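Read through the structure below, which is laid out as structure tokens, and then see the notes.
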Amino acid sequence: MSNLSELLPAGGAAKEFEPTASGTLLSGQAVILNSNGTVSSATAAAASMGTSADLGTSYKAGWESGACYHTTNNSTIVAFTNSANGYYPTTAVCTLSGTTVTMNTPVVINSNNCITVKCAYDVTQNTVVFFYKYNGSGNYLKVRAASVSGTSFTFGSEVSAFAGAAYATRKGDMCNLDDSKVAICWGESNLGPAVQVVSISGTTLTLGSHQGVSSGSSVTMRMASGKKGELLCMIGFHTSNDLQFVAATVSGTTLTVGTVTTVSGTGTSKRHDLASGFWNGYASPESTYIAAYHPPGGASGLTAARLITVSGTTLTLNTEATLTVDAEYSDTAMGWSSNGTQALYYYRPLSANTRGQVTEINYAGTTIAEGSTIIVGVGNYSRFAASYDQVAKKSIIIYKEGSNSDVAGVNVHTASSTDVEAFVGFTADAIASGASGVVNPEGGVATIPLSYIAATGGTITTDGDYKVHSFTSSGTFQITTKAGNPTLEILQIAGGGGGGRRRGGGGGAGGYVNESGVTASVASYAVTVGAGGTGAPESSGSGTNGGTSSIGSLVTASVGGGAGGGDSHGANGGSGGGGQGLTAGGNGGTATAGQGYAGITGSNLSYGGGGGGSSAIGGSNNGGQGTASSITGSAVTRAGGGGGWDNGAGYGGGGAGSSGGGVAGNATANTGSGGGGGGDDLAGGSGGSGIVIVRYKFQDSGLTPNSTYYVQNDGSIALTAASPEVKAGKALSTTSILLKG
């Protein structure tokens, strides 16, 4: 038995079967069918990247790259224009061991400066075909075939494409098409955007007549095939506000082109790509494509996706889905994953353009759903091309690593929940390892990850289903994985102001910012924790305001607390410093709107004003109250005002004002509270340093693995069926549910 269909009686419903368990299985457990006929527990694994590899600065990725999987050689062929060697189109065999890719010694395809090189593998002829464009030297488009044995290439003769004419610097593509055929396209020819069929016999290539598929001057053309003899083109223009799709079929080397379908906007579409799982080993469903693109005229970084189905030369654009992806304009790439209904979109994010990312794009029926996003690597990645290893069931990519001298790097992506294809059903009862037991079959499935985040940085603690990252000093908060639409809670407090001297006012609390529902991308965010302000020295001069705290641009920066007045008025800040009480009394400083309260004005020879707190203004020489937060799981009060002279109380960790000739109190570190005001000829107390705390959900312990739940249209999970219910399913873990078909 190799698949679920063998369990189904003709014309009837699914029947139970009794396989042997590999490992102990619980009652009602989701199981997968192993290659030896046993069943084992289905698991949900997070997406991950392998170990990046390159061959140093002798091999650099210049312009557009290509990649394809060689089934006979069980290897991935990559191609790139080597900017370290005249931008010559260059190719190499990449082999995979576990999650480590090895790029073997590259060879030159052609000794001309080129701006693009693509490749496709034809299993019938066991041949790789390369498609490249000269940059200068006539601007010709060329194709060349090669056989591959181990890590060696044997090339056939180069052939001119598109009638040997010179073409503008645009972007093209190539794809598998049929037995012994591939197709190539280019965005600018004497026929406008055009396609040409290439017939293969060993390493000998014969080209049919090229045929226009649209009109106008396009800048980027992408193409994929979702069935033998079928292709779908995606065309972006630099002179019109359109993104076009057109399907075609082939007979021999002749194309029959369908009607162009246009997505219009208010400007140009900057980048796009599409893919199908058909040539990646997924024969069904045929004629189904996923496209990701920048909507014409959309805001920078805006990305959308659609499922597209084709019948003959007729295509259907299904509902557009807006993604959280913020792809920059550098070359993106669409690949496929180990899930037959999941594409992988590789890109450089606009919000963090010093790294590469990959986002899973899933479909069910005609609906697109965004999956998890992970970082490919930190290093100004661009010029992506992707292939799919059908044996290892992993995606292999090549890219330009801009922060590492533009070297051509390769890596491997393992998709989340890689074993769902083998899912066969749920156990009727518990089964001991090695024993036989009843399994009730189910139909097709999809694993949906719940909203969760994985991240690094700061001191990490756990509070139930939440992770809490506390930064007591500056650092980096890095989201490494995001699934669904999770949000953050952020508490951000600036450094408290220092206290004033000589009957001084108390320091104001650092600006207090606490926001929930904050959305964030897979990226790194610089965290700055403001230092506490210094107290005024006893001899002369003033104290200092606290330092600003921030976490990227996720929330408004917190302003440092104002220093307490000594020789002058209290300083303005997140919360204002209290005024001095030596002479006629100094005014209290003002606060930043929404972050704190003003300081109190000092009273002549009676007291120094209390510093403003984050939740209230002070009273006479007492500091203002701080704010309690349970973001870490326990209530802690922070960001209180420092007490002014004479004996004013500090709150929330704020320093107390000096009593008579006593010493002023320093604020507690990482509370962002103000320092106390000093007495006669005595220094003020130091303000407390700030803090940044991030809280997010990383699991849902309410989900009990192997229990049944109901997924609603809004993505919420219910214990009982409700309207509108999407599907019922079994929880695999605390972060995903396996849906019954």
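We did not get these values from a lab; they are worked out from the coordinates using the rules stated. Computed from a predicted structure; not experimentally measured. Positions of Cβ are backbone-derived with ideal geometry, glycine not excepted, and every protein chain shown enters the neighbour counts.
Side notes on the structure shown:
- Kirkwood hydrodynamic radius of the chain, from inverse mean 1/r over distinct Cα pairs, in Å: 28.7
- Ellipsoid semi-axes in whole angstrom, largest first, where each is sqrt(5λ) of the Cα gyration tensor of segment 48-416: 26, 25, 20
- By average C-beta atoms within 10 angstrom, highest first, the peptides 556-562, 219-225: 556-562, 219-225
- Beyond 30 Å in Cα-Cα separation lie the following of the pairs 228/482; 393/482; 142/482; 133/482; 60/467: 228/482; 142/482; 133/482; 60/467.
- On a per residue basis, the convex hull of the C-alpha atoms belonging to segment 330-441 measures out at 145 Å³.
- Note on residue 97 and residue 472: with the Förster distance fixed at 41 Å, the Cβ-Cβ geometry gives a FRET efficiency of about 0.45.
- Taking the chain and dividing mean pair separation by its residue count, relative contact order in percent (alpha carbons under 8 Å, at least six apart): 10
- Protection proxy ranking, peptides 461-474, 497-510, average beta carbon neighbours within 10 Å, highest first: 497-510, 461-474
- In the chain, taking the dipole from charged Cβ atoms about the Cα centre, the farthest positive-side position among 155, 424, 40 is held by 155.
- About its Cα centre, the dipole of the chain is roughly 880 debye, where the only charges are +1 on Lys and Arg Cβ and -1 on Asp and Glu Cβ.
- When each of the peptides 659-668, 486-495 is scored by how many other beta carbons lie within 10 Å of its residues on average, the order from highest to lowest is 486-495, 659-668.
- Applying 1/(1 + (r/R0)^6) with r as the Cβ-Cβ distance of residue 463 and residue 58 and R0 = 60 angstrom yields a FRET efficiency of 0.75.
- Pair-distance distribution P(r) for segment 509-639, from all Cα-Cα distances in 5 Å bins starting at 0: 3, 12, 18, 21, 17, 11, 8, 5, 3, 1, 0, 0 percent.
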